[in-house]
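Structure first, then comments.
The values are calculated or read from the model by the stated rules, or taken from the named source; none is laboratory data. Just so it is clear, the structure is predicted and the values come from calculations on it, not from any experiment. FYI the Cβ positions are ideal-geometry reconstructions off the backbone, even for glycines, and counts take in every protein chain you see.
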Amino acid sequence: MKKTFGILLTVILSYSCFAQNGFYLGYENGAKWDKFYYINDKGYNLEQLQLDGVFSAYIGYRLKEYTIETGFQGFYSSSPSVIYNYTTSKPSKSNSSGGSSSMDSWIIPLRFGKDFKMCKNRFFVKPELSLTTIIARNYSSKQPSGGWGENVSFPGDTTFVPTTPDSTRGYWYRPLKVNFGIETGLSIGYRFKEKADIYIKGSYHSSFSPLFYDTVTHYSATETVKGTQTFTGISILFQIGLKYYFAKQK
């Protein structure tokens with residue numbers, strides 16, 4: 001078995017060297033901004049971008065200027081807090097957030113790209129298009145997957161004393177274990193000695209349906225208002241990447 005694998009690997013690498021194409025490995029790391037949308041019974045709404053992290057590892061194959069890649073991405077996610085005005089029912093942005101591992105996702109892309117080389121093939125620009133499979137990191141069919149509150153008691157807490165009649169309680173839901181999406185991206189980079197690339201990459205990812213949502217209930221002395229905050233599945237990513245080729249690239 002080992003001998004067969006060695007022969008196969010030798011054939012692949014020999015072909016890669018001859019064709020000046022071939023396989024490569026890559027890694028990316030950076031930040032992403034997730035789009036959240038809040039709306040309540042009073043018709044007030046709010047959009048926010050929540051900053052979180054992303055990392056990627058992948059294997060690809062290059063044929064002339066075209067590439068195809070697959071691997072995995074780790075999407076970390078959290079839900080931004082909403083400042084709720086109990087008098088007017090209007091929401092406003094907050095600098096705080098909360099979350100759990102049930103919000104995180106593994107992304108498996110099938111990515112297609114094309115290199116546009118410049119300056120004696122040292123610099124390149126690469127547009128990309130990906131079809132993605134989105135898998136919930138910690139999924140349970142038992143929902144909600146988590147909860148939170150402001151000025152409320154939790155099970156087992158016998159010492160809690162509310163400070164005002166105003167309070168909020170929320171629950172997180174992850175409706176699906178597997179989702180699908182699409183991503184477009186653009187990389188700009190530099191190629192070292194025809195064997196390795198360093199680049200920066202910006203991309204836009206959108207799932208075909210929302211990835212998770214919060215149901216929120218605001219209580220006051222005069223009324224109860226219900227709301228929903230949804231992660232729409234839209235993310236803006238900015239990453240720094242490294243790529244290593246098994247064969248020289250010309």
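So which residues in the stretch 195-222 are touching a residue at least 12 places away in the same chain (Cβ under 8 Å), exposed (fewer than 14 other Cβ atoms within 10 Å of the Cβ) and of a type outside the set (Phe, Trp, Tyr), if there are any at all?
Ile198, Ser209, Ala221
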Exercise for the section: Answer yes or no as to whether Gly149 is free of Cβ contacts under 8 Å to residues at least 24 places away in the same chain and not polar (S, T, N, Q). Expected result: yes
Practice task
For Leu63, state whether it is within 22 Å of Ala247 (Cβ to Cβ), at pLDDT 90 or above, of a type in the set (A, V, I, L, M, F, W, C) and touching a helix residue (DSSP H, G or I) at 6+ places or on another chain (Cβ under 9 Å).
Solution key: yes
Problem - the stretch 167-194: number of residues that are under 25 Å from Gly53 (Cα atoms) and buried (at least 19 other Cβ atoms within 10 Å of the Cβ) - result: 9
Completion exercise
Out of (1) in contact (Cβ under 8 Å) with a residue 60 or more places away in the chain; (2) over 22 Å from Phe112 (Cα atoms), the one Gly30 does not meet is (2)
Problem - Set Ser56, Ser89, Ser81: member being crowded, with 17+ Cβ neighbours inside 10 Å, in contact with a strand residue (DSSP E or B) (Cβ under 6 Å, 6 or more places away or on another chain) and part of a loop (DSSP other than H, G, I, E, B) - result: Ser89
Problem - Residue within the stretch 129-147 that is over 28 Å from Thr230 (Cβ atoms), in contact with a Lys or Arg (Cβ under 8 Å, 6 or more places away or on another chain), part of a strand (DSSP E or B) and of a type outside the set (A, V, I, L, M, F, W, C) present - result: no
Practice task
Would you please name the residue that is surrounded by the fewest Cβ atoms within 10 Å (Cβ to Cβ), looking only at residues in the stretch 223-233 that are over 24 Å from Trp106 (Cα atoms) and of a type in the set (Ser, Thr, Tyr)?
Solution key: Thr224
Exercise for the section: Tell me, please, whether a residue that is over 25 Å from Asn85 (Cβ atoms) and either part of a strand (DSSP E or B) or under 20 Å from the mean Cα position of the chain (by Cα) (or both) can be found in the stretch 39-53. Expected result: yes
Fill in the blank from the handout: Of the conditions (1) of a type outside the set (D, E, K, R); (2) surrounded by 18 or more Cβ atoms within 10 Å (Cβ to Cβ); (3) farther than 23 Å from Phe36 by Cβ; (4) at pLDDT below 90, the single one that Cys119 does not satisfy is (2)
Problem - Subset of the stretch 211-250 (residues that are in contact with a helix residue (DSSP H, G or I) (Cβ under 7 Å, 6 or more places away or on another chain) and modelled with pLDDT of 90 or more) - result: Phe212
Practice task
Quick one: count up the residues across the stretch 92-114 that are farther than 30 Å from Tyr58 by Cβ and surrounded by fewer than 14 Cβ atoms within 10 Å (Cβ to Cβ).
Solution key: 5
